[in-house]
Each structure stands twice: as structure tokens, then as C-alpha cells.
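Working notes, structure below.
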Ligand SMILES: [Zn+2]
């Protein structure tokens, strides 16, 4: 699922990778941390509470089908995980909790958004908490990347909810599945032509449908096997 799956990617835009602090500066400079926290709180003031969308509810339903190997989500809202997704990889992490890189303590983001004084590790007594999304200078989690590759190397179909955008990492996933001669369906609202990838392959189909419509058809297909 591309970054724009939830609320047209509003959260991903407001917290886009380019706007995040550099990890080295974040760790070494208290001002950088405080200014990040200010921006982070502002984002929530702008978008309000995150709520499970009807499309996410559909994803949660389909995820239960035994035919579904798993879901790779590039959205950082954390809603699927909070609502019990079992076969989910959140490749970009999620913002629903902060953690301490020194002792590993974690804390609900909402606590911090509601009260700035919570922006501190309860054990280390330092304000070094960070949400579990990569900052500039940080890569995707290598574990999650490996799990994603494993999924892509054993699936028969890759379905991408792209809308109007494909991230470089999504394109790399298409490569993996395409090399194995398996099927790739790209659900999108407009044609996506990228120099970096030749979409003329027989295995890549563009499906011009809304996410909602395609999810409904998946529910129809896998409805019987939902446990
Ligand atoms: Zn700590």
C-alpha cells in the first residue's frame, strides 16, 4: 500500500521524510528534538485523531484470508497494527509510539501530543524519545526489508494500491516479483510511467479502479476463506 492510502497521504505529506530531522542532529541537539516535537504536535492539531478508514477496515478483513501472505504498508499512521493486523509489515515504521534509543522504553504518542512533559524517557530521565519512523540518515528497518523480500519471493500475485504514485521501494518490489514471472496488479487512478521501470512486461497490469472498488472485489473473491 503506497503512502497515499490513508486520507490521501495527508499524514505522510506532513511528516514526509524530507521534513524530518537528521538523526545525528536529533540525537545530539536538544533544540532539534524540541522543534521536532513542536512540529509533530502541530501535525496532530491539523489532522485530528487518526481513525480507521473504511478501506483500512476492508484491508483488515482481507488480511485474514489464508490466501493472503501479508500486507506491506508504507503508511505511517499505525492504524492497521493498532487494530490487530497479524501479517503486516510497516516498512516506514509508525508514529503511534515513541521509543528511547538508549533503554528501549516506549510510550504512546498521544500521551506526548497531549502533554509535552511526557517527551522524556521515564527510566533515563532524558528527552531522547523518537517515533519509530526513519529520520534522515536512517534506513528502513533491515528486518522489515528482509521480511518483505521473503514475502515477495514466495507470492503468486503482488497487488499494489498506488493511486497516482509509486515509491522507489515499491518499484524495487515490482522488480522482484516481475523477475519471478508472477503477476503484478497496480491499482491506480492514472497511468504511471516511470523511466526507472519498463512497465511493458506481460506480468504487469494497470487497473484503473478506486482502492475501495478493488478491495470490495477482493472481499468477494476471498470472502469464503476469511477465518
Ligand atoms: Zn531510556
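The values are calculated or read from the model by the stated rules, or taken from the named source; none is laboratory data. What you see is a predicted model, and the numbers here were worked out from it, not measured in a lab. Here Cβ is always computed from backbone atoms with ideal geometry, including for glycine, and neighbour counts include all displayed protein chains.
Points to keep in mind about this one:
- Residue selection: residue 38 satisfies the criterion of being assigned to a helix (DSSP H, G or I), over 30 Å from residue 222 (Cα atoms), without any contact (Cβ under 8 Å) to a residue 24 or more places away in the chain and over 19 Å from the mean Cα position of the chain (by Cα).
- Of the residues making up segment 76-122, those that are crowded, with 17+ Cβ neighbours inside 10 Å, within 16 Å of the ligand (Cβ to nearest atom) and part of a strand (DSSP E or B) are 97, 98, 100, 107.
- Subset of segment 1-35 (residues that are part of a helix (DSSP H, G or I) and touching a helix residue (DSSP H, G or I) at 6+ places or on another chain (Cβ under 8 Å)): 7, 10, 11, 14, 19, 25, 26, 32, 33
- Cβ-Cβ contacts under 6 Å between residues 6 or more apart (or on different chains), taken from a first residue in segment 172-185 that is closer than 18 Å to residue 145 by Cβ to a second residue that is in a helix (DSSP H, G or I), are listed as 173/152; 176/152; 177/152.
- When 199, 206, 213 are checked against the criterion of being modelled with pLDDT of 95 or more and more than 13 Å from residue 157 (Cα to Cα), 213 stands alone in meeting it.
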